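Everything below concerns the one structure shown next.
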Amino acid sequence: MEILIEAAQIAESFNIKKFRAEFRAEAFSGSTSEVFYALTETNRYLYVFDYGVVVFANYDAVAKSECIQFMKNYATTLVNIDLSEEYRIVTDERLNKALVKNDLVSVPQIDASLLRIVMLNIGQSVALEHYEVLTDELISSSKHYIMELENQGKLSISKTNLLKYIGKVLNVKNSIVDNLYILDDPNLVWDNEELNLLNRNLKTNFDINPRFKDLDYRLQIVENNLTLFTDVLNVRESARLEWIVIILIALEIIIAIFFH
């Protein structure tokens, strides 16, 4: 038996509460931030996360497309780039424990709890890829301004655009901080040693923890650049104010001389 798992970043976030209330199926497990469905009649499984990721198991192309269209009703800010991953679960009754590989995991048997762990990890991987793309864009933008400083000794960016850039950086960082729980392990792994081992091996396979540390490091670089740009802007604004003061004093002196 083989099950194909597909994860996709659909939006910046989902309204999980509203989705659960209107989706016509009983959740296998869930919380305010995620919900997992075992749709036994169709042998399909669905995992939805509030950070905008949907994970499908055993969905054909038509069913997946229909579900994505339905999920967009509960989305905030759709993602316009293709962010998705595929992974497979294969059963092998000769095995005593799960065997994790780059593109598949072989297991003695499949159940809903095992599927949930695998789908959780691939969902986390796609979410991290989304944040990696966002931070790459921020670093590329900051490199442009740094090169401008090096070559021209000044920044041509306006105060308004710089404030917009700062807002974008803070928005990305806050989104990541709000979703730090994506690295948390579900409670069910603490009660099952086999699932706990599978979860750890999958995290290693998808490089979940190293990628998050690298993401945090790159965000720190962007923040340092922001501090530099803000300082440059403050110097520019101070110089402008100083010239305004000088001009006003000069005008005052000219008026005083003229009238006296």
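Considering only residues in the stretch 30-75 that are modelled with pLDDT under 90, open to solvent by less than 80 Å² (accessible area, probe 1.4 Å) and among the hydroxyl-bearing types (Ser, Thr, Tyr), the one that is farthest from the chain's Cα centre (by Cα) turns out to be Thr42. Of everything in the stretch 115-150 that is among the hydroxyl-bearing types (Ser, Thr, Tyr) and without any contact (Cβ under 8 Å) to a residue 60 or more places away in the chain, the residue that is surrounded by the most Cβ atoms within 10 Å (Cβ to Cβ) is Ser141. Is it the case, given these coordinates, that Glu26 is surrounded by fewer than 21 Cβ atoms within 10 Å (Cβ to Cβ) and without any contact (Cβ under 8 Å) to a residue 24 or more places away in the chain? So Glu26 fits the description; yes.
Selection of the stretch 181-228 for residues being under 18 Å from the mean Cα position of the chain (by Cα), of a type in the set (Phe, Trp, Tyr) and part of a helix (DSSP H, G or I) yields Tyr181, Phe212, Tyr217. Just the residues that are closer than 12 Å to Ile5 by Cα, open to solvent by less than 40 Å² (accessible area, probe 1.4 Å) and over 22 Å from the mean Cα position of the chain (by Cα), please, taken from the stretch 81-114. If the condition is that a residue be closer than 12 Å to Ile5 by Cα, open to solvent by less than 40 Å² (accessible area, probe 1.4 Å) and over 22 Å from the mean Cα position of the chain (by Cα), then Ile89, Val90, Leu104, Val105 are the ones that fit.
The values are calculated or read from the model by the stated rules, or taken from the named source; none is laboratory data. Remember, predicted model here, so these are calculated numbers, not experimental data. Cβ atoms come from the backbone with ideal geometry, glycine included; neighbour counts cover every protein chain shown. Ligands, DNA and RNA are excluded from the accessible area calculation, which covers all protein heavy atoms including side chains. Shrake-Rupley method; radii C 1.70, N 1.55, O 1.52, S 1.80 Å.
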